[in-house]
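Participant: Please see the structure below; I have some questions.
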There are 2 protein chains.
Amino acid sequence: MSDACQDFRVERRELERFMLAALARAGADAASAEAVSRALVTASRMGTDSHGLRLLPHYVRALQGGRVRGAPRMRFERRLPATGYLDAGDGFGHLAGYTAMDHAATMADEVGVGAVAVGHSSHFGAAGCYALAAAQRGLIGLAVCNSDPFVLLHRGSRPFHGTNPIAFAAPVAGGSPYLLDMATSSIPWNRVQQYGAIGRELPDQVAADAEGEVTRTPAEVAALLPLGGSDFGFKGAGLGGMVEVLSSTLSGMLHGFRLLPMGGPDMTTPRGVGHFFLALRPDAFATGNPFPECLRQYLDDLRAQPGRDGARVMAPGDREWTCQARRDAEGIPLDSANQVAYAELAESLGVRALQPLD
Amino acid sequence: MSDACQDFRVERRELERFMLAALARAGADAASAEAVSRALVTASRMGTDSHGLRLLPHYVRALQGGRVRGAPRMRFERRLPATGYLDAGDGFGHLAGYTAMDHAATMADEVGVGAVAVGHSSHFGAAGCYALAAAQRGLIGLAVCNSDPFVLLHRGSRPFHGTNPIAFAAPVAGGSPYLLDMATSSIPWNRVQQYGAIGRELPDQVAADAEGEVTRTPAEVAALLPLGGSDFGFKGAGLGGMVEVLSSTLSGMLHGFRLLPMGGPDMTTPRGVGHFFLALRPDAFATGNPFPECLRQYLDDLRAQPGRDGARVMAPGDREWTCQARRDAEGIPLDSANQVAYAELAESLGVRALQPLD
């Protein structure tokens, strides 16, 4: 999202202060509030606005409604030296995510790989947060999650998979981690709403109407197409399926197709979302292979490639780290809708209003 | 590929007989010949003709030229309980692939997960073969591989990644495995050649000319676009990058960008291809979770979804298993080019000619 014309900006510590206080007032324990805040601020700093601060009001509603437990009893069982299962106790997906990846990383440190399936969880924000947590420990990280259905199968006419993201991160010598965080649809659902609000046509091959026919008119959209569109959507749908199998089949949870909708109206019933996390220790494969240095060389090669029509070629994560540096310096912007929502949260929860930067 | 109008068909055992004999005459040891034959016949039975029997003449040339060693000294080192490295000794990628996945599966049986990086390897055919080998042992399997560059980066104008496939397979109660095997470009390179040969336009957003501009004219094509095309190719390129990092960065091999071309003309220098294999034990996560049964239920749900315009919705692998059943019953077809190539192999290697079914 462009930061232009958004003159309400907050410093990240101030945003954290507000989130921690709001979540505590709504019933979250310290660990839950810290995990949610960490994930939302991480996403907002990187410019992943669809999964950043705008979600706080939603999470407060989920807490207040009882869908999400603010003081969950999360239970981790290490099943074998490289695997485990985390029962997230219907708590926040962010706490489940950081906890599960932490266990995966500990196992990877010990035996080279750690894999954790998570059940009885909830929305965890941006998948990239958890892959990144592994990379920040020097590991390769993979994080995936299912959701309620928004996306058609290839040649299907009814939503079946969620936008089922794949996040992959790895450590780079002397730089920020490699970070891929992508939905297996071409666009996220809220892009349809954004385009509708400004009367703009969607790109071709990204969305469909109620009969499954491609449409570019936001008001007609009933579902997203999988990445690849009408011709090659079997690939996006297949990747969404891989995510589904790892997230829900492996954790024994309901498939996304059967999940209650994230948006409600039921905000009382736990949804039983599943996730999957994998951590790999990069020095546990080829001997004498300085992985972070080799990855840096690969990225140097990649960024030196010529672009079409003079465009600059970027690596996964480059956009995010550039945005993070800018927002750390200039503040994180809130659009007018978020300003209103945060003022309402301050009022209803009795939290000191968010203070903008001068 | 449609099997229509291809009246030269062979029984799979006859095809194996020919491949084993041809590879042995060209210098392959028994293990190498069996692995290559197993992978090619698996792909041809499933209808993955781009990676099936048509590759045999290429592999014979690679053996005779010295690029691939027919009697490689492959060395596996288990580095940690869940990880290992296979030095493939410049042998066939198929032997490396089956060997590495076998080690990964053994580790998964013991500690829940096994991950193996492979270096000093060569082209391994269809990635799905190795994911499938894990699923046939009751495990979830992932196999990826880099290649020499054919595919643009997002907004790039020069090929950088190979078609870098992702294969994922898992066991299904009472049925054939779940099998996703996809390139991270929309189409394979030989599709461009096929369309050119019959004077057909390519689909939109799958290929580009030498300046990186999208073209649908096969004769103008200099590169493939990553899955997602001009607008969303950052996703396909990001997935291709994930494959690259796991295949070459992790194994300490050259990145695909720097690999010698598969097609030659140099058929003497080993290429140093890298692969990565992962096996997960599905009963080592949630307790009491009958994964193959849950996966069957998911696939039942998936196949029951309504299709657009009356189309039937299929799961990953459905097309392949249908084709396999047909070809097991009716034989594997050879088009005229392959008939000529196989006759030439029989002549030059002194192998009894391939006998068609009546």
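Participant: Once you have a ≥ b ≥ c as the square roots of the Cα gyration tensor eigenvalues for the stretch B:272-312, tell me rounded if a/c is under 1.5, and otherwise prolate or oblate according to whether a/b is larger than b/c.
Facilitator: Oblate, because a/c is 1.5 or more while a/b does not exceed b/c.
Participant: How about the stretch A:63-98: which trypsin sites (Lys or Arg not before Pro) there are in a DSSP loop, with at most 14 other Cβ atoms within 10 Å of their Cβ?
Facilitator: Answer by residue number: A:R73.
Participant: Compute, for the protein assembly as shown, the length of the dipole vector about the Cα centre, with Cβ point charges of +1 (Lys, Arg) and -1 (Asp, Glu) only. Units Debye, rounded to 20.
Facilitator: Using Cβ point charges on Lys, Arg, Asp and Glu, the protein assembly as shown gives about 920 debye.
Participant: Would you mind ranking B:T249, A:T287 so that the residue whose beta carbon has the fewest other beta carbons within 10 Å leads the list?
Facilitator: Ranked by crowding around the Cβ, least crowded first: A:T287, B:T249.
Participant: So the label point sits 7 Å from Cα along the Cα-to-Cβ vector; using that for A:P290, what distances do you get to the other copies, in nanometres, sorted shortest first?
Facilitator: With the label placed 7 Å along Cα→Cβ, A:P290 yields 5.3 nm.
Participant: Shifting gears a bit: For the stretch B:229-262 and the stretch B:133-160, what is the separation of their C-alpha centers, rounded to whole Å?
Facilitator: 7 Å
Participant: Right, another one. Determine the relative contact order of chain A: mean sequence separation of Cα pairs under 8 Å and six or more apart, normalised by residue count, in whole percent.
Facilitator: Normalised by residue count, the contact order of chain A is 22 percent.
Participant: Sort A:Y195, B:Y178, B:Y130 by Cβ crowding within 10 Å, fewest neighbours at the top.
Facilitator: In increasing order of surrounding Cβ atoms, one gets A:Y195, B:Y178, B:Y130.
Participant: Taking each residue of A:309-315 in turn, how many C-beta atoms of other protein chains fall within 10 Å of its C-beta, and what is the average?
Facilitator: Per-residue shielding by partner chains comes out at 5.
Participant: Of the options A:L299, A:M253, A:L278, report the single residue whose Cα projects farthest towards the positive end of the charge dipole of the stretch A:239-309 (beta-carbon charges: Lys, Arg +1; Asp, Glu -1).
Facilitator: A:M253
Participant: Normalised by the empirical 2.2 N^0.38 Å for globular proteins, what value does the Cα Rg of chain B take?
Facilitator: 0.98
Participant: While we're here: If you project the alpha carbons of the stretch B:143-184 onto their three principal axes, what span does each projection cover, largest first, in Å?
Facilitator: Each principal axis gives a Cα extent; for the stretch B:143-184 these are 47, 17, 9 Å.
Participant: For the stretch A:82-179, take N as its residue count and report Rg(C-alpha) divided by 2.2 N^0.38 Å.
Facilitator: Against the compact-globule rule of thumb, the ratio is 1.17.
Participant: Another question about this same structure. So for A:W321, A:W189, fewest C-beta neighbours within 10 Å to most, what's the order?
Facilitator: Starting with the residue having the fewest Cβ neighbours, the order is A:W321, A:W189.
Participant: Once the protein assembly as shown is represented by equal point scatterers at the alpha-carbon sites, with solvent omitted, what log10 I(q)/I(0) does the Debye formula produce at q = 0.05, 0.07, 0.08, 0.12 Å⁻¹?
Facilitator: The computed values of log10 I(q)/I(0) come out as -0.23, -0.46, -0.60, -1.39.
Participant: While we're looking at this one, here's another question. FRET efficiency for B:A343 and B:E293, Cβ-Cβ distance as r, R0 = 60 Å, nearest 0.05?
Facilitator: The calculated FRET efficiency here is 0.80.
Participant: Which ³J(HN,Hα) values, rounded to whole Hz and listed in residue order, are derived for the stretch B:269-280 from phi using the Karplus coefficients 6.51, -1.76 and 1.60 in 6.51 cos²θ - 1.76 cosθ + 1.60 with θ = phi - 60°, glycine and proline given as x?
Facilitator: Karplus values, whole Hz, x for Gly and Pro: 8, x, 8, x, 6, x, 9, 9, 10, 9, 10, 10.
Participant: Rule-of-thumb check for the stretch A:284-342: C-alpha Rg over 2.2 N^0.38 Å?
Facilitator: 1.75
Participant: Let me check against my output: what whole-number percent is the relative contact order of the stretch B:205-330, with C-alpha pairs under 8 Å and at least 6 apart?
Facilitator: Reported as a whole number, the value is 11 percent.
Participant: Sorted from largest to smallest, which semi-axis lengths in Å does the alpha carbon gyration tensor of the stretch B:169-270 give for its equivalent ellipsoid, taking the root of 5 times each eigenvalue?
Facilitator: In descending order, the three semi-axes are 25, 21, 16 Å.
Participant: Now for a different question. If the label for B:I198 sits 7 angstrom from Cα along the Cα-to-Cβ line, what are its distances to the same label in every other copy, in nm to one decimal, shortest first?
Facilitator: Ordered by distance, the counterparts are at 4.3 nm.
Participant: Return the distance in nm (one decimal) between the two label points of a simple spin-label model at B:R352 and A:R75, each offset 7 Å from Cα along Cα→Cβ.
Facilitator: Placing both labels 7 Å beyond Cα along the Cβ direction yields 6.4 nm.
Participant: Another question, if that's okay. Can you compute the FRET efficiency between A:H58 and B:R326 using 1/(1 + (r/R0)^6), with r the Cβ-Cβ distance and R0 = 35 Å? Round to the nearest 0.05.
Facilitator: According to the calculation, E is roughly 0.10.
Participant: Quick check: from the Cα gyration tensor, does the stretch B:24-84 come out rounded (a/c under 1.5), prolate or oblate?
Facilitator: oblate
Participant: Follow-up question, since we're still on this one. So for the pair B:R312, B:D231, with labels modelled 7 Å out along Cα→Cβ, what separation do we get in nm?
Facilitator: About 3.1 nm separates the two model spin labels.
Participant: Taking the Cα centre of chain A as origin and charging only Cβ (+1 Lys, Arg; -1 Asp, Glu), how large is the dipole, in debye to the nearest 20?
Facilitator: I would put it at about 540 debye.
Participant: Still on this structure: How high is the FRET efficiency from B:S336 to A:A210, r the C-beta distance, R0 51 Å, rounded to 0.05?
Facilitator: About 0.65, to the nearest 0.05.
Participant: I've got another one for you. To the nearest 20 debye, what charge dipole does the stretch B:1-119 have about its Cα centre, counting +1 at the Cβ of each Lys and Arg and -1 at the Cβ of each Asp and Glu?
Facilitator: In debye, rounded to 20, the stretch B:1-119 gives about 340.
Readers should treat all values here as calculations from the given coordinates under stated rules, not as data from a laboratory. Here the structure is a predicted model, which means the values were calculated and not measured. Glycine gets a Cβ as well: all are built from the backbone with ideal geometry, and neighbour counts include every protein chain shown.
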